[in-house]
1. Taking the range 78-112 as the search range and keeping residues that are surrounded by fewer than 19 Cβ atoms within 10 Å (Cβ to Cβ) and hydrophobic (A, V, I, L, M, F, W, C), which one is farthest from the chain's Cα centre (by Cα)?
2. Would you check if there is a residue in the range 272-284 being out of contact with any Leu (no Cβ under 8 Å at 6 or more places or on another chain), modelled with pLDDT of 75 or more, over 30 Å from GLU169 (Cβ atoms) and outside the structural domain of SER209 (by TED's automatic domain parsing)?
3. Need the failing condition index for ARG72 against (1) farther than 23 Å from PRO19 by Cα; (2) touching a residue at least 60 places away in the same chain (Cβ under 8 Å), just the number.
4. Only one of ASP153, ASP136, ASP99 is without any contact (Cβ under 8 Å) to a residue 60 or more places away in the chain and touching a strand residue (DSSP E or B) at 6+ places or on another chain (Cβ under 8 Å). Can you tell me which?
5. Given the conditions (1) in contact with a Leu (Cβ under 8 Å, 6 or more places away or on another chain); (2) of a type outside the set (A, V, I, L, M, F, W, C); (3) modelled with pLDDT under 95, report the number of the one that TYR14 does not fulfil.
6. In the range 30-39, what residues are in contact with a strand residue (DSSP E or B) (Cβ under 6 Å, 6 or more places away or on another chain) and part of a helix (DSSP H, G or I)?
Amino acid sequence: MDSPTDPPRAGTLYVVATPIGHLQDITLRALEVLGAVDLIAAEDTRKTAQLLARHGIATPRASYHEHNEARRTPELLERLRRGASIALVSNAGTPGISDPGFRLTSAAAEAGIRIVPVPGPSAAAAALSASGLPTDAFVFLGFLSKKSGKRRDQIKALATEGRTVIIYESPRRIRALIAELQEALGDRRAVLAREMTKLHEEFLRGRLSALQAALTDRADIKGECTLLLAGAQAPSLPPREALAEEIRRALASEPRSLPELARELAQRHGLPKKAVYAAAMQIKTEKIPTTD
């Protein structure tokens, strides 16, 4: 038994996954932990209160989100050092996965605090499992940068990425993202998962151009979106000379604008439109005659 003069034993930080939509998608263990800890650090205490009320849990809550985590982390860490047990939850899914949590788990790990994962729902894993795209290897990027230059660099880096790519995006920006990906990477296979586990759950599958077409006429897109992009294929693409010859023939056969030609060939071969346009421009400038 501890002596009254002994320092308090460090508590435990539980990283608890919660439903991404359907409230029944929570584990029995998660409910047990949420009901037993001293405090729940929640991204949105009001949203977490709805989940707790559904299961009759009255554990005290404290807000922990991107706007206060720098200030709140030392406070929670001190409570853990004093022996409190704390459950960390986000609005949906697994904390720290494109949600607040990393700062606290990092500080707790550095302080030697015991960290216990309570696994469960994750939008990335759920979307990947039902996507129909390769699942043996994948890259999770979360939300891309909102700064156009940095986002452009992030997308450009995917040109040779052979693994399935998982990206989160808001419904307000999903059409713009799809257009950027198609422009930079060609018309790759993709899957858009929206409103997963909810009443209006939707999976759109096809080339990026098909996804864009499906979204074009929608006045409103709702729900957080998870976009999965097929990895770059090992070159089964036409050799450079074969592509150049195809461009020459197309230029000679019928007059058309270079952007139109580049778009058609890029979609046909799954190539970046800019690369095809640059090749076509060079060939047109050189005025290389077609071969018989």
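The values are calculated or read from the model by the stated rules, or taken from the named source; none is laboratory data. Just so you know, these numbers come straight off a predicted model, no measurement behind them. Positions of Cβ are generated from backbone atoms using ideal geometry, with glycine treated the same way; all protein chains shown enter the neighbour counts.
1. It comes out as ALA84.
2. Pass one, the range 272-284, residues out of contact with any Leu (no Cβ under 8 Å at 6 or more places or on another chain): 273-275, 278, 282.
If we keep only those that are modelled with pLDDT of 75 or more as well, we get 273-275, 278, 282.
Still in the running and over 30 Å from GLU169 (Cβ atoms): 282.
Subset that is outside the structural domain of SER209 (by TED's automatic domain parsing): 282.
Looking through the range 272-284, at least one residue is out of contact with any Leu (no Cβ under 8 Å at 6 or more places or on another chain), modelled with pLDDT of 75 or more, over 30 Å from GLU169 (Cβ atoms) and outside the structural domain of SER209 (by TED's automatic domain parsing).
3. (2)
4. Values: ASP153 fails: touching a strand residue (DSSP E or B) at 6+ places or on another chain (Cβ under 8 Å); ASP136 fails: touching a strand residue (DSSP E or B) at 6+ places or on another chain (Cβ under 8 Å).
Answer to the check: ASP99.
5. If we test TYR14 against (1) in contact with a Leu (Cβ under 8 Å, 6 or more places away or on another chain); (2) of a type outside the set (A, V, I, L, M, F, W, C); (3) modelled with pLDDT under 95, just (3) comes out false.
6. Selection gives ALA30, VAL33, LEU34.
For every residue, the table says whether it meets (1) within 24 Å of ARG189 (Cβ to Cβ); (2) touching a helix residue (DSSP H, G or I) at 6+ places or on another chain (Cβ under 7 Å).
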{"position": "TYR64", "(1), (2)": "no, yes"}
{"position": "GLU75", "(1), (2)": "no, no"}
{"position": "GLU110", "(1), (2)": "no, no"}
{"position": "ILE115", "(1), (2)": "no, yes"}
{"position": "PRO119", "(1), (2)": "no, no"}
{"position": "SER148", "(1), (2)": "no, no"}
{"position": "GLU169", "(1), (2)": "yes, yes"}
{"position": "ALA176", "(1), (2)": "yes, no"}
